[in-house]
Every structure is written in structure tokens, then in C-alpha cells.
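The values are calculated or read from the model by the stated rules, or taken from the named source; none is laboratory data. Just so you know, these numbers come straight off a predicted model, no measurement behind them. Cβ placement follows ideal geometry from the backbone for every residue including glycine, while neighbour counts extend to all protein chains displayed.
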Amino acid sequence: MAKTMHTPSVVLLTGGAGFIGCNLVRYLLKKDPSLRVVNVDALTYAGSLANLQGVEEDYGQRYRFVHANICDEQAMDALFEEERFDTVVHLAAESHVDRSIDGPRAFLQTNIMGTYVLLQTATAHWKGRKKVRFHHVSTDEVYGSLASTGYFTEETPYDPSGPYSASKACSDHLVNAWHRTYGLPTTVSNCSNNYGPYQFPEKLIPLMISNALQGRHLPVYGDGKNVRDWLFVQNHCEALDVIMRRGKTGRMYNVGGSNEWANIDLVNLLCDTMQELVPLDSGHYRDLIKFISDRPGHDRRYAIDATRIRKELGWTPKHTFEAGLRETIQWYLANSHWLDEIRKERYRGDRLGLIS
């Protein structure tokens with residue numbers, strides 16, 4: 001299949017103060033010295049300017065931060081008018097499954113209506129322009145749950161299990177509909193579980209690291225045998241850059257790490273790695289593991305077939321899970337002040353998503 005070459009010049013990156021976004025901001029600016037990145041973020045609980053420390057100093061006029069909500073139609077219209085974007089990379093989303101169980105409204109508002117506003121704004125401002133691209137970043141959770149065998153492909157029917165995945169499934173459908181109906185040049189990527197530096201400690205890996213450093217229990221849902229395919233965030237950034245530049249418009253790409261791990265095996269590996277890097281005076285981090293009641297609607301297994309992006313665009317993940325996990329743990333150890341600020345001000349590690 002022939003590749004569609006796109007050369008970005010001015011990129012609107014939504015959600016760039018969050019985990020994947022702040023890593024992508026740094027990746028794009030470092031890789032392409034001709035690129036300008038405008039980062040739009042509402043700075044909700046998981047987005048923070050602390051995640052972007054040093055970016056303005058390092059990249060000067062090539063980087064701009066705008067504090068705005070993607071659901072604000074007037075703000076988005078004014079920004080498109082001012083910056084004349086040729087590329088949108090849409091990452092902004094509410095993304096924590098447990099929080100979506102507690103409060104689904106915010107997920108529908110941001111993930112569905114926010115995507116709608118961006119699509120409408122891009123369509124209006126890009127009339128008559130050909131060298132433009134709208135890339136939407138989604139999740140493998142839209143596909144639902146797998147049995148012990150098989151993989152998600154781009155043809156797998158959508159079967160979301162919870163409010164978060166349902167809202168992302170809807171946003172994917174909107175993006176594809178705007179391509180088919182209005183001719184908007186779009187691409188969509190559905191990624192597996194990301195991990196790495198700057199991930200908010202409500203997610204499994206940073207929560208385990210944070211709790212272990214505090215001597216708190218390491219909570220594992222159910223029997224611990226739910227399986228996820230893990231993708232190091234740096235590998236994901238590389239994939240997003242490749243899709244943005246060379247992906248075929250109207251095409252969907254699954255992005256996976258080919259690193260399937262049962263949750264309990266992952267936590268055991270994390271404990272062993274931490275015991276090596278920061279050993280406890282007595283006992284082992286594994287002693288902190290505690291099995292707790294399962295999450296409502298907890299999908300059993302996710303696994304990505306990344307054949308399309310590998311064959312069509314030449315992307316493959318470079319990190320094994322063991323290497324990526326070690327690098328991630330070392331980052332959190334070296335940036336304990338970052339974790340301390342979050343624990344003090346925004347999230348103490350309490351469980352969310354319980355249905356009374």
C-alpha cells in the first residue's frame with residue numbers, strides 16, 4: 001500500500017500536559033528542529049505544568065502552551081485562526097477506567113464532545129487546504145475483552161465494557177465519520193497500555209512504585225491474572241510520529257508492545273526490580289502484595305496485533321518490558337519530588353471505581 005507523506009509544520013497537540021502528551025511534546029520538538037508545537041491542555045487533575053518543566057527553556061519560540069479546554073468552541077476557533085495549524089494530534093482525554101465508573105459524565109464530555117469540537121473546528125479552518133492531517137489517539141479497550149488466545153486487529157468489532165472505553169469508541173467513530181462525510185484527512189491509532197515517566201500514579205505501574213516506596217500494600221484486582229499488552233511510552237511516541245507523517249488517511253493503526261503480562265506477574269517483576277535497586281532492610285516488596293475485590297466490568301485480556309503498522313510503516317517497539325520497566329522505576333526514584341507533590345496535593349493512592 002502506498003504511503004501518504006505528510007510534513008507537519010505547526011502541530012496542535014491536545015492533552016500535552018498529561019503523561020503521553022508531555023513525552024510526545026519532548027519527542028517531536030527534539031526530533032524535528034523545524035517543527036512548532038502548540039500544546040493545549042485544560043490542566044485537570046492528571047495534567048500539570050510540572051510535567052513540562054524545561055520545555056519552554058529548551059525550545060523557545062518553537063513551543064507554546066495554551067491553557068484551554070477542547071470543549072470550548074470559541075477558544076479552539078480562535079486558536080486555529082491564530083496559529084494556522086496543519087496538523088492535529090489529539091491526545092486530550094479522560095482516561096482512568098476506575099474514575100469513569102465513579103463519574104462517567106466527564107468522560108462523555110471531554111472524550112466525545114471535545115473530539116467533536118476539534119473535528120468541526122479543523123473542518124471549518126481547513127477548507128481548501130490539502131497538506132493537513134488530523135490524528136486521533138485512542139485505546140485498545142474499545143475492542144472489549146479477549147479470551148486466552150487471539151489478538152485485536154483493526155477489523156476487530158468494537159465491544160467496549162465500561163464508560164471510558166465506550167466514550168473512546170464513540171470518539172473513534174466520530175473521527176472516521178468526519179473523514180467519510182466531510183473528507184477530513186484523518187488517522188486513528190489504538191494503543192495498548194502505556195507506561196513510563198510522568199504517568200499519574202492512579203495507573204497500575206506508578207501506583208505500585210509509589211505504594212512500595214511508602215511501604216503500603218500493593219493492591220492487585222481479583223486473581224491477578226488479567227493480561228495486558230504493555231507499551232513503553234517512548235515507543236508509542238515514535239509510532240505516533242510515524243503515523244502522523246506516513247499513515248494513509250482514513251486508516252486505523254493498532255500500536256502494541258508485544259509484551260503480554262498478567263498483572264500479578266508484572267507486580268512480582270516490579271517488586272523484584274525494586275528489591276534490586278532499593279532493597280528493603282528486612283523482607284521483600286512482594287510481601288506488600290494484597291489481592292482485593294475485582295474491578296466492575298474488568299476485561300480479562302488485551303493483546304494487540306501490530307502487523308499493519310509494522311508492514312505498512314516499518315514501526316516496531318524497541319524496548320522489552322523488562323528494560324522499559326527498569327528505566328521507568330529508575331525515573332520515579334530519581335524524581336521522587338514529582339511523586340511527593342502529587343501524593344500531597346492531588347492523589348493519595350486511594351481506590352476508585354467501587355460500586356456501592
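Observations, loosely collected:
- Any hit, the stretch 33-50, residues being of a type in the set (K, R), out of contact with any His (no Cβ under 9 Å at 6 or more places or on another chain) and surrounded by fewer than 16 Cβ atoms within 10 Å (Cβ to Cβ): no
- Within the stretch 140-172, the set of residues being polar (S, T, N, Q) and buried (at least 24 other Cβ atoms within 10 Å of the Cβ) comprises S165, S167, S171.
- Scanning the stretch 241-260 for residues that are in contact with a helix residue (DSSP H, G or I) (Cβ under 6 Å, 6 or more places away or on another chain) and modelled with pLDDT of 95 or more turns up V242, R246, G250, Y253, V255.
- Spans of strands (runs of 3 or more DSSP E) in the stretch 204-303 with at least 2 residues touching a Pro at 6+ places or on another chain (Cβ under 9 Å) and either among the hydrophobic types (A, V, I, L, M, F, W, C) or touching a residue at least 60 places away in the same chain (Cβ under 8 Å) (or both): 227-232, 289-292
- Scanning the stretch 78-122 for residues that are among the small types (G, A, S) and out of contact with any helix residue (DSSP H, G or I) (no Cβ under 9 Å at 6 or more places or on another chain) gives a single hit, A78.
- Considering the stretch 111-127, and only residues there that are of a type in the set (A, V, I, L, M, F, W, C) and part of a helix (DSSP H, G or I), the residue that is farthest from H90 (Cα to Cα) turns out to be A124.
- All told, R129 meets the bar of being basic (K, R), surrounded by fewer than 17 Cβ atoms within 10 Å (Cβ to Cβ) and either more than 20 Å from the chain's Cα centre (by Cα) or under 26 Å from E154 (Cβ atoms) (or both).
- V267 satisfies every condition listed in (1) surrounded by 19 or more Cβ atoms within 10 Å (Cβ to Cβ); (2) modelled with pLDDT under 95 except (2).
- As a summary of the residue check, L118 satisfies the conditions (1) surrounded by fewer than 24 Cβ atoms within 10 Å (Cβ to Cβ); (2) under 29 Å from R245 (Cβ atoms) except for the one numbered (1).
- Some residue of the stretch 185-192 being surrounded by fewer than 17 Cβ atoms within 10 Å (Cβ to Cβ) and of a type outside the set (G, A, S): no
- The single condition among (1) more than 28 Å from T7 (Cβ to Cβ); (2) at pLDDT 95 or above that S148 does not satisfy is (2).
- Here K318 passes the criteria (1) more than 27 Å from G18 (Cβ to Cβ); (2) among the charged types (D, E, K, R); (3) surrounded by fewer than 18 Cβ atoms within 10 Å (Cβ to Cβ); (4) in contact (Cβ under 8 Å) with a residue 12 or more places away in the chain except the one numbered (1).
- Summed over the stretch 53-102, residues that are surrounded by 15 or more Cβ atoms within 10 Å (Cβ to Cβ), in contact with a strand residue (DSSP E or B) (Cβ under 8 Å, 6 or more places away or on another chain) and among the polar types (S, T, N, Q) total 2.
- Enumeration of residues in the stretch 129-153 that are of a type in the set (A, V, I, L, M) and either in a helix (DSSP H, G or I) or over 15 Å from Y302 (Cβ atoms) (or both): V132, V137, V142
- Members of the stretch 154-181 that are without any contact (Cβ under 8 Å) to a residue 60 or more places away in the chain and either assigned to a loop (DSSP other than H, G, I, E, B) or farther than 17 Å from N111 by Cα (or both): E155, T156, P157, Y158, D159, P160, T181
- Residues in the stretch 135-143 include at least one that is modelled with pLDDT of 95 or more and more than 30 Å from D294 (Cβ to Cβ).
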